[in-house]
1. Just one of the numbered conditions (1) more than 7 Å from the ligand (Cβ to nearest atom); (2) over 13 Å from residue 27 (Cβ atoms); (3) crowded, with 18+ Cβ neighbours inside 10 Å is not true of residue 83; which one?
2. Take region 34-46 and flag every residue that is of a type in the set (Gly, Ala, Ser) and open to solvent by 40 Å² or more (accessible area, probe 1.4 Å).
3. Could you list, ordered by first residue, the pairs with Cβ atoms under 6 Å in which the first is in region 93-106 and in contact (Cβ under 8 Å) with a residue 40 or more places away in the chain and under 12 Å from residue 67 (Cα atoms) and the second is within 11 Å of the ligand (Cβ to nearest atom) and of a type in the set (D, E, K, R), at least 6 apart or interchain?
4. Within region 47-80, which residues are in contact (Cβ under 8 Å) with a residue 12 or more places away in the chain, more than 7 Å from the ligand (Cβ to nearest atom) and open to solvent by 30 Å² or more (accessible area, probe 1.4 Å)?
Amino acid sequence: MLIRNPIVTALFVLLLTAGEVQAGGDPVRGKTLTNDCISCHGSDGKGSFESPRIAGLGEAHIYNQLKAFESGERPSVDGIMHLYTENLGEQDLADLAAYWASLSAD
Ligand code: HEC
């Protein structure tokens, strides 16, 4: 059977994991960029009375919001989120999204 062939199986696993890495940011690197975020969203990402929870949201959702804040497409109170995203690069936003998405929502 095809799947019993160890080389085919290894290639299959390799393909799967390669796809995963490409699709997402790096949560370990993302954590190193959270110095600013935690003062409002909390180190657990659960937010406060004025900042929403970001822990455990979908990675794509977080990334898309960060991109929208960065470009100014999505406004925020006093432009605060624009301020905290405008100096970040594409990879930074992807890695931040991966980190916050990896935290538990509850
Ligand atoms: C000075 C406070 C402050 C800082 C610092 C800050 N945020 Fe925010 N963030 C907010 C507020 C307030 C909102 C709500 C914006 C609105 O909709 O008006 C928000 C919204 C968001 C959202 C949208 C959530 C959703 O579901 O729509 C994400 C994602 C987010 N912040 C991530 C981050 C990340 C990542 C950082 C660090 C790079 C960060 N924030 C730094 C205050 C802050």
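The values are calculated or read from the model by the stated rules, or taken from the named source; none is laboratory data. Values in this document were obtained by computation on a predicted structure and should not be read as measured data. Quick reminder, even Gly has a Cβ in these numbers, built from the backbone with ideal geometry, and neighbours come from all protein chains shown. These accessible areas exclude ligands, DNA and RNA; they are computed on the full protein's heavy atoms, side chains included. Shrake-Rupley method; radii C 1.70, N 1.55, O 1.52, S 1.80 Å.
1. Among (1) more than 7 Å from the ligand (Cβ to nearest atom); (2) over 13 Å from residue 27 (Cβ atoms); (3) crowded, with 18+ Cβ neighbours inside 10 Å, the lone unmet condition for residue 83 is (3).
2. 39, 43
3. Short answer, once both residue conditions are applied: 97/59.
4. Within region 47-80, 53, 56, 58, 59, 60, 63, 67, 70 qualify.
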